[in-house]
Amino acid sequence: MHKEMGNNHSGQKLKRTLKKKASLSSENEYLKMQFKITDEQLKEYRSLFKDHSDNNKVITRSEFRDVYQLIYKSGDATEFADRVFDVFDSDKSGTVDFIEFAAGLTMMDSEKLEQKISIAFSMYDEDGSNTLSKQEVINMIQAYYRLLGPDVSRSPVEIANDLFRKMDLDKDDSVTYEEFASVAKRDPTVLEILNPKA
């Protein structure tokens, strides 16, 4: 059973910007204006969305998992896909519509470091508390390595513990967004979860 994610940095940003979409004449115009998505990206995202949604209007959690499982055949994509789904599902409807899908993909692949940091933090922040516990970091790293499959040279728990120690700058057994961002700016491995190698 997955936990509902509360308010988080990328979720809050998506919610604020999604409210503005009603005043625009089309989804495409909205996405181009808010997320600087190109026509080529829109075409690619629409095709991907259409291929993996039963009704072309929304993608369910199950369909989202199936997409990740197709890409990461040797691993178990369930937990990782759920984390990404929870971040993309900014209105917490239990489905991802095209705007949420395209916005989420754009933020994950953004040239802007702050967007990548925001969405990565949200993926780690399982309970939506805006701080990371050691267990949340362990859970995310384990989900990441389950996604990649069994070929791991170090224990995911050991990797997570090292990462947590590195991020917990004030040694209070929790990691704030600011601590996470500070470390992510110096150490790109913190953001590797955004682009797992299939």
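The values are calculated or read from the model by the stated rules, or taken from the named source; none is laboratory data. Remember, predicted model here, so these are calculated numbers, not experimental data. Please note: Cβ atoms are built from the backbone with ideal geometry, for glycine as well, and neighbour counts cover all protein chains shown. Side chains included, ligands, DNA and RNA excluded: accessible areas come from the protein's heavy atoms. Shrake-Rupley method; radii C 1.70, N 1.55, O 1.52, S 1.80 Å.
Details
- Only one item in (i) 45, 20, 15; (ii) 28, 24, 16; (iii) 28, 20, 15 matches semi-axes √(5λ) of the Cα gyration tensor in Å derived from the coordinates shown, and that item is (iii).
- DSSP loop GluC sites (Glu not before Pro) with at most 11 other Cβ within 10 Å excluded, longest remaining stretch of the chain: 5-110
- Fraction of accessible area attributable to carbon and sulfur, segment 30-109 (%, probe 1.4 Å): 50 percent
- Charge dipole (debye, nearest 20) of segment 124-180; +1 at Cβ of Lys and Arg, -1 at Cβ of Asp and Glu: 320 debye
- Distance (nanometres) between label positions extended 7 Å along Cα→Cβ at residue 113 and residue 43: 3.3 nm
- Whole-angstrom gap from segment 115-158 to segment 46-68, using each part's C-alpha centre: 24 Å
- Between helix 39-52 and the chain: long-axis angle, C-alpha atoms, 0 to 90°, nearest 10: 80 degrees
- Ranking 176, 38 by solvent-accessible area of protein heavy atoms (1.4 Å probe, all protein chains present), from largest to smallest, gives 38, 176.
- Averaging the sequence gap over all C-alpha pairs within less than 8 Å and six or more residues apart, then dividing by the number of residues, gives the chain a relative contact order of 24 percent.
- Two-site FRET efficiency, residue 62 against residue 187, from Cβ-Cβ distance with R₀ of 45 Å, rounded to 0.05: 0.85
- When +1 charges are put on Lys and Arg Cβ atoms and -1 charges on Asp and Glu Cβ atoms, the dipole computed for the chain relative to its Cα centre reaches about 480 debye.
- Set 57/166; 43/112; 36/171; 92/112; 50/185 screened for pairs whose C-alpha atoms are more than 32 Å apart: 57/166; 36/171; 50/185
- Axis angle, to the nearest 10 degrees, between helix 134-148 and the longest C-alpha principal axis of the chain: 60 degrees.
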